[in-house]
Amino acid sequence: MMTRAEGAYLGAVRAFQNPMLDLLHKRHAPLVVSLLSTLFTAERPTVPVADAHAEVGTALEELRAAGYEDGLPATANARDLCRQWADAGWLVRQVVDEDVEVYRLSAHAVGALEVAGRAGGTRARVSRSRVRTLLDAVERLAQDADPDVLVRMARLDAEIARLSAELAEIQRTGQVEEVDEEQLLEEAENVLHLVRELPADFARVAESIKTMQRDVVTALRQDERPTGEVLREYLERGEHVMESTAEGRAFAGALRLIGDAQHLDELSGRLDVVLRHPFTRRLLPQQRGELRDVVRRIEQGLDQVFTAQREASYVITAQVRNHDPLRDRQVDELLRDVMRGLQAWTPDARRGHAVEPLRRLPVADVDHLRQTPGDLRPPQPPAPLAAWDDDGVPDVSDDEARAWGGAHYQQLREHLVGLAAGAVDVAAAFDAAPEQLRRPVDLLGLIELAHELGMDEQDDVASVVAVRPDGTRRRFAFGALTARVEDADDD
């Protein structure tokens, strides 16, 4: 039979296996807490991996330069420290939009920072506000747990009588009893104590959803049940991911109180009233900032949980749609083979050690090859080619072929030079040419010759009628051109 001392000891051992307590009792815990608290803030919940390495490296150099060498790791650099923190469960590495890899604090790290902040800040006191919070919570618990209708009615009647008496007193005197500033300070410290618990609570909810997501995906990849059954079960869990964990169910209940925008607006207005009171001047600037940021921290926590819920639903749905148990097992076996190879190679490897490359792919182990190839002959022979009768083509003379050929450049040049020296209108020159030089292709040739001789473009549009060798005519329009023709003797 386990003794009382043994049970307490085993419980403490299990508690210190929690990454939060593990962080706080490490030798370099002050360094970890200080760097994480400066790296991550309420305005900066995630930090790009490269920026985190650079900022941690700068902080280490500053601490070494200030003489705090004894409290720092001897050889570890910023990259190694961040990797150790991620392996210990204090940092979470993830990929966000545009394939940017970032760090964020885990729920354990958030809780450890809150514990360290409370221990190093204002000490919690047994105050009237804290006791009243406890009494109110116990009273609410008793009311919710007691189903007796008569008891509930008696409590409501007593509460109505108390509130009516308070209202009558205010109406009679026209004054509200002022509360001592010391009591207001106690209540503000109690509010801050409750607020500091929120980030860790939100982070735990988000991480519980991610844990459920990993469990579902792992079970799906190892599942050998019929596809229809797998689809029904896992799609349902993906759609109702918030109700799949204890933290998620608790968060859903709290969301009904703080998720309404009207409730958050009312909370923001009440905090503004508090911050305008003179007693807040006795609070530290950090405490006033925490009061001012209560609503924003709640909104950030809600966004963190909703983002985790959307990602879990997307991952589970995508895994179900692309689920292939055989392929997943093959990938798992391949990855295990790679890890075994790395584990066998790493102990003997040294920095700069050459790695023999894979010069050719391994030969596939085929049990049996087909010995009789298929018949490549078509079932029916192709149709015979049609006979081509060269004698059936009518004879075409060279003059007829030349008439349908390219431009007569030589005759066009002689015709253009023979018109006149100086600026010659291309359209007029084409109209003045004989019919055998007024084909459409000759018009292009005449414009080409004008470009070689030098031409000037006009603003108006010219049109000509071209004659094909078969006698058909066609009108063409183009920007008016004049060719600069030199005297025939000069040419």
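Structural remarks
- Strands (runs of 3 or more DSSP E) wholly inside region 394-491 that include at least 3 residues being under 60 Å from the mean Cα position of the chain (by Cα) and at pLDDT 85 or above: 455-467, 473-485
- In the condition set (1) at pLDDT below 80; (2) under 52 Å from the mean Cα position of the chain (by Cα), residue 176 is compliant with all but (2).
- Within the span defined as region 206-216, every residue fails to be outside the structural domain of residue 311 (by TED's automatic domain parsing), at pLDDT below 80 and among the hydrophobic types (A, V, I, L, M, F, W, C).
The values are calculated or read from the model by the stated rules, or taken from the named source; none is laboratory data. Keep in mind that what you see is a predicted model, and the values were worked out from it rather than measured.
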